[in-house]
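Here is the structure we will look at, set down as structure tokens.
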Amino acid sequence: MPLVPFEEITHLFAEFEHTAFRLETRRGYATDRAGERFKAFMRGIDPQPAPDSPWNTNVLEKAAQGARFSRVRIVDDPPTDGQRFLMASASSNVAAGEDIRVLSRVVAQSVDLPDYDFWLFDSRLVARFHIDETDTTVGVEVTEDPSAVLAACRARDTAWPLATPSAAVWAQVRSSV
């Protein structure tokens, strides 16, 4: 299956009808590390909410239509700087209507969750991210192949009940630093 640039799938986030689920497996993302919010976070400054970001605006609009965004982030123990940043910045997404949860990598491995990131749209289309060793997305594989969709649905249905709301985990991580 050919890879397409991420920019070619952004329409999916506005066009899905019911559910968009993300599994995040990386220890960090190059796009985060390159951003000013991450750099400030590494200097001890909490990420500022971004309620008017295009992402959060879309989440609000989709939620108003009855659609649901959710994601499970797999984190290490202790979490990496990238994982800590994602938990610290999740409140904006949650305020917009996205349900973000966290699952330990040990548990994820024990239940054989995939070791790659993907979005699952309406339980019918999978956008699997291909990410290189520098944590840079090199392309996205989009498929409606029933076996790939079923695998993503199983991963979602396995991960979700095992995961904890991000804010609760972040409160624990933050108090232990």
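For a quick check of understanding: with a 1.4 angstrom probe and all protein chains in place, what accessible area in square angstrom does Trp160 have, to the nearest ten?
Trp160 exposes around 50 Å² with every protein chain in place.
Compute the acute angle (0 to 90°) between the alpha-carbon long axis of helix 81-96 and the principal axis of greatest extent of the alpha-carbon atoms of the chain; round to the nearest 10°.
70 degrees
Specify the angular offset, from 0 to 90 degrees and rounded to the nearest 10, of the alpha carbon long axis of helix 146-162 from the longest principal axis of the alpha carbons in the chain.
Tilt relative to the chain: about 30 degrees.
Measure nothing but the geometry: give the 0 to 90° angle between the long axis through the Cα atoms of 54-64 and the longest principal axis through the Cα atoms of the chain, rounded to 10°.
Roughly 60 degrees, rounded to the nearest 10.
Please identify the GluC sites (Glu not before Pro) of region 131-177 that satisfy two criteria: DSSP loop assignment and at most 14 other Cβ atoms within 10 Å. Which are they?
Those that pass, being in a loop and sparsely packed, are Glu133, Glu144.
Report for region 1-128 the percent antiparallel among DSSP-assigned beta bridges with both residues inside it, nearest 5.
So the antiparallel bridges amount to about 40 percent of the total.
When the accessible area of region 1-95 is computed with all protein chains present and a 1.4 Å probe, what percentage of it is carbon and sulfur?
Ligands and nucleic acids excluded, carbon and sulfur reach 56 percent.
Once fully extended, how much extra length lies between Glu8 and Ala40, figured as 0.36 nm per residue of separation less the alpha-carbon to alpha-carbon distance?
8.5 nm
Defining a contact as two alpha carbons under 8 Å apart and six or more residues distant in sequence, what relative contact order in percent does the chain show?
It rounds to 29 percent for the chain.
For Met87, what accessible area in Å² do you get when you roll a 1.4 Å probe over the heavy atoms of the protein chains, rounding to the nearest 10?
Solvent-accessible area, nearest 10 Å²: 10 Å².
For the chain, what is the charge dipole size about the Cα centre, in debye to the nearest 20, if Lys and Arg each add +1 at the Cβ and Asp and Glu each add -1 at the Cβ?
Values: 19 positive and 26 negative charges, 129 e Å.
Computed charge dipole of the chain: roughly 620 debye.
Taking the Cα centre of region 11-73 as origin and charging only Cβ (+1 Lys, Arg; -1 Asp, Glu), how large is the dipole, in debye to the nearest 20?
It works out to roughly 420 debye.
Rank Pro5, Ser104, Ala64 by how far each Cα sits towards the positive end of the charge dipole of the chain (+1 on Lys, Arg Cβ; -1 on Asp, Glu Cβ) and give me just the farthest.
The listed residue farthest towards the positive side: Ser104.
So how far apart, in nm, are the two label points at Cys153 and Asp112 if each is 7 Å from Cα heading toward Cβ?
Here the modelled spin labels are 1.8 nm apart.
Which distance in Å, rounded to a whole number, links the C-alpha centroids of region 71-149 and region 32-61?
Distance between centres, Cα-based: 17 Å.
The values are calculated or read from the model by the stated rules, or taken from the named source; none is laboratory data. Since the structure is predicted, the reported quantities are computational estimates derived from the model, not experimental observations. Heads up, the Cβs are rebuilt from the backbone with ideal geometry, glycines too, and the neighbour counts pull from every protein chain shown. For accessibility, only protein heavy atoms count, side chains too; no ligands or nucleic acids. Shrake-Rupley method; radii C 1.70, N 1.55, O 1.52, S 1.80 Å.
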